[in-house]
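Okay, structure first, notes after.
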């Protein structure tokens, strides 16, 4: 990890590596504004053919709600079939929207167009943030430099699913995912709506 990584960031990376399993690697992603975020990846975790990802430095930046700093910090998690290219870039794009543009993230919040802009999917266009429940070990809120640090999973969703979530709420869309048995690792899955 880079020299500007804090001990708190190292702790986050260790927690995620232990939760995900597998051998972790960390890569730095940069945007045109000069911001950067580090993303940990563990191949074949939580199962063969799937890679788990998590930002480990997003929590260095405040989350803004209604023009004021929110009292908690967040890291973004995700997982995808290992052969999918560009998934870490989707998480980085979400992080840059928080860092550079002050987008708020919480369960049920959708970041529109993030997947479409990456070109990583033929069928999914947006990201909805949900509690991280796809790993065997639960990922709990922890302390980060005296603040609560929460973890949110970036779930890619289709255009019609986004419309459904806007009308019925994010929880209703999550329930529909469970009822229809979506493959959460398939970034090319069909819409459930």
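Readers should treat all values here as calculations from the given coordinates under stated rules, not as data from a laboratory. Fair warning: this is a prediction, and the values are worked out from it, not measured in the lab. Neighbour counts run over all protein chains shown; Cβ positions are idealised from the backbone, glycine included.
Put a dot 7 Å past each Cα toward the Cβ at residue 25 and residue 10; how far apart are the dots in nm? Placing both labels 7 Å beyond Cα along the Cβ direction yields 2.2 nm. Modelled spin-label separation between residue 64 and residue 171, with each label point placed 7 Å from Cα along the Cα-to-Cβ direction: 3.0 nm. Within region 59-193, antiparallel bridges make up roughly 70 percent of the DSSP beta bridges whose residues both belong there. Per-residue extension of 0.36 nm, minus the Cα-Cα distance of residue 147 and residue 32, leaves a gain of 38.5 nm for this segment. Any idea what log10 I(q)/I(0) is at q = 0.13 Å⁻¹ for the chain, Debye with uniform C-alpha scatterers and no solvent? Here the Debye-derived log intensity ratios amount to -0.64.
Does region 1-103 classify as rounded, prolate or oblate by the C-alpha gyration tensor (a ≥ b ≥ c root eigenvalues; a/c under 1.5 gives rounded; else a/b over b/c gives prolate, otherwise oblate)? Note, shape of region 1-103 comes out prolate. Taking the fewest neighbouring Cβ atoms within 10 Å as the starting point, the ordered list for 103, 135 is 103, 135.
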